[in-house]
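Okay, so here's the structure we're looking at.
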Amino acid sequence: MTSISQKLALVRQKIEAACQKAGRAPSTVQLIAVSKTHAAQAIEEAIRAGQSVFGENRVQEAEGKFIDIKQRYSEIELHLIGPLQTNKVEQAVALFDVIQTVDRLKLAQSIAKACAKLHKTPRLYIEVNSGNEPQKAGVAPDQLELFLAQCHALGLKIDGLMCIPPIDVDPTPHFARMQRLAQKLNLPHLSMGMSADFEAAIAQGATEVRVGTAIFGHRLFH
Ligand SMILES: *Cc1c(COP(=O)(O)O)cnc(C)c1O
């Protein structure tokens, strides 16, 4: 069996190769290790292998693992990459360094309130429903500019965009569209690409790739 540190090294190699191919410096792409469903032990193995940025998609699960880990390892940066309910916003603002899934006005209002109350401002990205899929979270691409303005009006600083393209289609056109949107709106962070397609995302300008399975193996639930 391949260890987590070996799998991490392999993913890092592939990121470097994709950067080289795209003519980008490897330092412009950050690897987010997606540890959802995996135990604290696995996360600590990744930390010992030099990984410091992690992604989780559920607030409660993340609290169970990362309140303790963050106390013991001060360099850890934690990203929320799953849907956020308004009744979990205060917990999310307290725990996460980055919330990547801002996707509706009510949530933005609630985040603004929680930031003021807790005197804490996580970095915020807007989730874009790049394929306009009816069942999927995210702001429709043609609503993005309006939503960004609404966030600004609430006093929220938005630093980037994230997307999960439709499955079973070529993701490259989606990634390319996201890059154009981020450039147009002057947003420096672009979170896209998972285990199966992070190299394609890097070719289209991803600044953060979210990789779970290729590092931690298959998930046991969710
Ligand atoms: C689970 C998840 C990932 C990681 O997916 P893998 O295919 O395991 O790499 C990335 N982004 C989001 C939003 C996820 O929920």
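Values quoted throughout were computed directly from the atomic coordinates according to the rules given, and no laboratory measurement underlies them. Everything numeric here is computed off the predicted structure, so don't read it as measured data. As a convention, Cβ positions derive from the backbone with ideal geometry for all residues, glycine included, and neighbour counts pool all protein chains shown.
Fewest-first ordering of S110, S27, S35, S3 by other beta carbons within 10 Å of each residue's beta carbon gives S27, S3, S110, S35. Once you reduce the range 67-124 and the range 27-44 to the center of their Cα atoms, the two points are 17 Å from each other.
In vacuum, with every alpha carbon of the range 40-141 counted as one equal point scatterer, what does the Debye formula give for log10 I(q)/I(0) at q = 0.12, 0.14 Å⁻¹? Two decimals, please. One equal scatterer on each Cα of the range 40-141 leads to -0.42, -0.56. Net length available on complete extension from R123 to A176 is 16.8 nm, with 0.36 nm assigned per residue and the Cα-Cα distance removed.
A Gaussian network model of the chain, with springs between Cα atoms under 10 Å, assigns the largest mean-square fluctuation among L95, L185, L80 to L185.
Once Lys and Arg get +1 and Asp and Glu get -1 on their Cβ, which of T37, T121, I67 lies farthest toward the positive end of the dipole of the chain? Projecting each Cα onto the dipole axis, the largest value belongs to T121. Modelled spin-label separation between Q183 and L105, with each label point placed 7 Å from Cα along the Cα-to-Cβ direction: 3.1 nm. Per the Debye formula on identical point scatterers at the alpha carbon atoms of the range 146-222, with no solvent, log10 I(q)/I(0) at q = 0.17 Å⁻¹ is -0.70. The residue list T172, G138, N186 was ranked by how far each Cα lies along the charge dipole of the chain toward its positive end, using unit charges on Cβ atoms, and N186 comes out on top. Around the Cα centre of the chain, unit charges on the Cβ atoms of Lys, Arg, Asp and Glu (plus for the first two, minus for the last two) sum to a dipole of about 260 debye.
A Gaussian network model of the chain, with springs between Cα atoms under 10 Å, assigns the largest mean-square fluctuation among H38, H119, H189 to H119. Placing +1 on each Lys and Arg Cβ and -1 on each Asp and Glu Cβ, with no other charges, gives the range 94-138 a dipole about its Cα centre of roughly 260 debye.
Per-residue Cβ neighbour counts within 10 Å put K184, K88, K113 in the sequence K184, K113, K88, beginning with the fewest. Among E145, E90, the ranking by other beta carbons within 10 Å of each residue's beta carbon, starting with the fewest, stands as E145, E90.
Kirkwood radius, the chain, all distinct C-alpha pairs, inverse of mean reciprocal distance: 17.7 Å.
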